[in-house]
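I have a structure I would like to understand better, so I am pasting it below and will then ask my questions one at a time.
The values are calculated or read from the model by the stated rules, or taken from the named source; none is laboratory data. All values derive from a computational prediction rather than experimental measurement. Cβ sites come from the backbone with ideal geometry, for glycine too, and all protein chains shown count toward neighbours.
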Amino acid sequence: MGRSQRRYHGNPLAYYLSHPKKFQSYESRYELAVGDSGMYRALLRSGQIGEVFPETNELLIRAGRKGGKRDDLSEDEILEVLGVYKTSGRNANEAARNLHHSPATILRNWRNAGFELRERGGQRDLIKTLLILAILWILKI
């Protein structure tokens, strides 16, 4: 038979607060996720994780720390990704090459921070159009 499942009756925060000795060693969301993943997921699902571990930087929350569903970048890395938005010309591929993260990670963090993103293939479409016009112009001569 497996481990018994805790029942929080819709309020995992009450359970968390009523067992301080059990949870006092967890100083961050990450430590709780590793040490007691069931409690961590229950707090996430109920939207109460912020009451246990409040975030101090609203930009970080919007950029990828929404309850810890994605925990692949540290807060410093997220700030670095957000910092290259303008210098990369909003080009996620260029930013990804410079920061050694995938373009999807770059785009996700920019999108979550509310940054305006470039349309896909914009420059390629322009080059194709110019190439077609050049070919048509050559064929008319």
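Please specify each residue of the stretch 1-18 satisfying the condition of being at pLDDT below 90 and farther than 11 Å from residue 43 by Cβ.
1, 2, 3, 4, 5, 6, 7, 9, 10
Output the qualifying pairs, or none if there are none: Cβ atoms under 6 angstrom, residues six or more apart or on different chains, first residue in the stretch 4-17 and assigned by TED's automatic domain parsing to the domain that holds residue 40 and within 13 Å of residue 51 (Cα to Cα), second residue of a type in the set (S, T, N, Q) and surrounded by 11 or more Cβ atoms within 10 Å (Cβ to Cβ).
From residues that are assigned by TED's automatic domain parsing to the domain that holds residue 40 and within 13 Å of residue 51 (Cα to Cα), the pairs are 12/46; 13/48.
Residues are listed down the side, and each one gets a yes or a no for (1) outside any helix (DSSP H, G or I); (2) out of contact with any strand residue (DSSP E or B) (no Cβ under 7 Å at 6 or more places or on another chain); (3) within 24 Å of residue 74 (Cβ to Cβ):
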site: 5; (1), (2), (3): yes, yes, no
site: 8; (1), (2), (3): yes, yes, no
site: 15; (1), (2), (3): no, yes, no
site: 22; (1), (2), (3): no, yes, no
site: 25; (1), (2), (3): yes, yes, yes
site: 32; (1), (2), (3): no, yes, yes
site: 38; (1), (2), (3): no, yes, no
site: 44; (1), (2), (3): no, yes, yes
site: 50; (1), (2), (3): no, yes, yes
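I need a count of the residues in the stretch 30-40 that are among the charged types (D, E, K, R) and within 17 Å of the chain's Cα centre (by Cα).
Matching residues across the stretch 30-40 total 0.
Name the pairs whose Cβ atoms lie under 6 Å apart, with the first residue in the stretch 21-34 and surrounded by 10 or more Cβ atoms within 10 Å (Cβ to Cβ), the second assigned to a helix (DSSP H, G or I) and at pLDDT 90 or above, and 6 or more positions between them or separate chains?
Partner pairs satisfying both residue conditions: 23/16.
Sticking with this one: Residues that are in contact with an Asp or Glu (Cβ under 9 Å, 6 or more places away or on another chain) and at pLDDT 85 or above: list the helices (runs of 4 or more DSSP H) wholly contained in the stretch 59-141 that include at least 2 such residues.
Here the list reads 103-112.
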